[in-house]
Amino acid sequence: MNLRWDEFIVTGDPLILGAQISIVLVSIALVFGLTYFKKWGWLWRDWITSVDHKKIGIMYIIAALLMLFRGGVDALLMRIQLAAPEMEFLSAQHYNEIFTTHGTIMIIFMAMPFLIGLMNVVVPLQIGARDVAFPFLNNLSFWTFFVGAMLFNISFVVGGSPSAGWTSYVPMAGNELSPGPGQNYYLLGLQISGIGTLLTGINFIVTILKMRTKGMTLFRMPMFTWTTLITSLIITFAFPVLTVSLALMTFDRLFGTHFFTLADGGMPMLWANLFWIWGHPEVYIVILPAFGIFSEIITTFARKTLFGYKAMVGSVVIISCLSFLVWVHHFYTMGSGAAVNSFFSITTMMISIPTGVKIFNWLFTMYKGRISFKQPMLWSIAFIPNFVIGGVTGVMLAMAAADYQYHNTYFLVSHFHYVLIAGTVFACFAGLVFWYPKMFGHKLNEKIGQWAFWLFMIGFNVCFFPQYFLGLDGMPRRTFSYLPEEGWFSLNFISTVGAFVMGLGFLIFVYNVYYSFRHSARETSGDCWGSGRTLEWATSSAIPPFYNFAVLPEVRTIDPYWHMKEDGQESQKEEDYKPIHMPSNTGLGFIMSVFLGISGFGLVFEWYWIGLVGVILTFACMIYRSFQQDDGYYVPVEKIKETERHASV
């Protein structure tokens, strides 16, 4: 691909110029800060090479918050453009690029890694394990995700962003309508990060099935662990479809094959089918862990066992199966025929049954509970009515005949934001606040946190509820402008105001992180909320030691820590201490991911020799790893005693 320098570096747009200057300044500040405070060694030893699941989880969450900021700014730019008729804030091309990156970042690089981050921090603790089954693979998973995310994100300043939408339908995503490196960024960025996600899915399946502590049967597992297990199974079955689809489109764009083009027998609809065979299970990859998070929080703050535990497990399993049988509802209007549309209409509506079961599970859990309305509980309670609105409108969209009216309008935009923000984003905030003391040793300030919650929740409804009516008025999605006589101004303006209120809520949440770091009291107990029910609260200190438990706990019932407290049972006795086997840190996962990133960058610009060098170096790392002798190390009993005494001070 031959590019002039002013095509290689994106120029000519003041918004992008501002972003480029910001990136340079922040990079200089980071390098200066790490050098001035002599933190390069700390960064390498304690974080980049770490295989500790808790630290990897924190890195996932920090990356996801950065992506939430990026995706949120994209959303605000779109809302400014649509605030009034015939606005010229963004060009049509720039608008296309922004809604493409907004959708891709929020789904692939924000929602999923945020939840995977919480899984990393919490699940090994909940099942009484010392780490995940494959610690090196966990480190490699994070860095491949991160490199893939960065490769995608640099597109808006180097080479140009993709503009075919986050679904990348063909022929929009083909070479004829999307020339240049933008769509290649999409393909290579998602491919590299998808490898990390698939590895994570395999890792958590093995961890949960093989590393549970003594006595923790499947039906004594906490609900978040259950949803993590089911989500990991969905990942393992769904992501190979995405991997193959992305590879085929990459061949089409780089090497002239015709898998998805009409020429030489290709099929554009093949992409739509393959994309949604992965894409609809992906919705459940980001919503099922959210259900697990809400379940943990509601039982903790209602001080009751989860109502209908086995029914909820069954509901999650049924939803995961149905998630692979509904993909055609994303394109009823593409001529599949009445019989096919009817089948997928029925399977889609069937999902509402197990979902409704879970809603009643949560309501009956709260019934007659001694509810404490702390921040995590506020997010959880707000989730229920908002998610129900998204669910009910989802059933409306599931009816194929009616969908011909709603299709490609703002009604659909509002529906999936009510599902994914009220479901996933609320859960991310709720889970982060809930388990924040496990990561940083202190709680977030309650008063500031409630301000952030109310602003975000009210702004969310002000932003997205009017969009149902815009859709019913016929406003199409992905339109960058409209005329005054179309009558969409008032609702669009209200929606834009709501988006900025949400943005203000997020900024206050970020301020709360800073304020709480400076002023919140440090927790002195592992049971930071005083009503913990599961094993992550049974650690000897707020931030668990690197080996999690000095002695692995034994489980006899569901909600094991709650019953341990009631029975006065002590699980950490010095005389029971034994040497603990732990994995060694390694920088190989980071190095291998960097080589993958170099390969991807070369292929984006069709500089094949760079791509080949990156692939060869990646395989060299794999061969080196295969012959590496590293059996980890043992933590001696004296070191355990010293750590536990220090933790209990």
Taking Cα centroids, how far is region 485-562 from region 205-243 in Å?
22 Å
For region 604-649 and region 89-143, what is the centre-to-centre distance using only Cα atoms, to the nearest Å?
20 Å
Probe 1.4 Å, heavy atoms of protein chains only: per residue, the accessible area of the chain in Å² is 41 Å²
Per residue of region 131-145, in order, report the coupling 6.51 cos²θ - 1.76 cosθ + 1.60 (Karplus, θ = phi - 60°) as ³J(HN,Hα) in whole Hz, putting x for Gly and Pro.
6, 7, 5, 10, x, 4, 4, 5, 4, 5, 4, 4, 6, 5, 4
Output the peptides 60-71, 365-376 sorted from most to least packed, where packing is the average of other Cβ atoms within 10 Å over each peptide's residues.
60-71, 365-376
May I ask you to list the lysines whose Cα is less than 25 Å away from that of K39, ignoring any residue fewer than eight positions away on the same chain?
K54, K55, K438
Taking the Cα atoms only, what angle lies between the long axis of helix 352-366 and the longest principal axis of the chain, rounded to 10 degrees?
40 degrees
For V158, list long-range residues whose amide hydrogen, built 1.01 Å from N in the peptide plane, is under 5 Å from its own amide hydrogen.
V10
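Share of the chain's accessible area from carbon and sulfur, percent, 1.4 Å?
Details: 18760 of 26840 Å².
On the chain, the fraction of accessible area on carbon and sulfur atoms equals 70 percent.
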Lysines within cross-link reach of K368: Cα-Cα under 21 Å, excluding same-chain residues under 8 positions apart?
K304, K310, K358
Check I580: other-chain or 5+ apart residues with amide H under 5 Å from its amide H, H built from backbone geometry?
V635
Using alpha-carbon pairs under 8 Å, 6+ residues apart, how would you state the relative contact order of the chain in percent?
17 percent
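Could you work out the local net charge near L187, counting Lys and Arg as +1, Asp and Glu as -1, over the other residues with Cβ closer than 10 Å to its Cβ?
Working: positive: R253; negative: D252.
Combined, the nearby Lys, Arg, Asp and Glu give 0.
So if I place +1 on the C-beta of Lys and Arg and -1 on the C-beta of Asp and Glu, and nothing else carries charge, what would the dipole magnitude of region 521-583 be about its Cα centre? I want it in debye, nearest 20.
On the way: 6 positive and 11 negative charges, 34 e Å.
My answer is approximately 160 debye.
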Cβ-Cβ cut-off under 10 Å around H53, Lys and Arg +1, Asp and Glu -1: the net charge is +1
Rank by packing, highest mean first: peptides 177-185, 219-227, 333-341, 90-98, with packing defined as the count of other Cβ atoms within 10 Å averaged across residues.
219-227, 177-185, 90-98, 333-341
For helix 309-322, what angle does its Cα long axis make with the longest principal axis of the chain, in degrees from 0 to 90 and rounded to 10?
30 degrees
Would you pull out the residues with amide H under 5 Å of H442's amide H, same chain only if 5 or more places away, H placed 1.01 Å from N?
E523
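The values are calculated or read from the model by the stated rules, or taken from the named source; none is laboratory data. It should be emphasised that the depicted structure is a prediction, and the values quoted were computed from it without experimental measurement. FYI the Cβ positions are ideal-geometry reconstructions off the backbone, even for glycines, and counts take in every protein chain you see. Heavy atoms of the whole protein, side chains included, go into the accessibility calculation; ligands, DNA and RNA do not. Shrake-Rupley method; radii C 1.70, N 1.55, O 1.52, S 1.80 Å.
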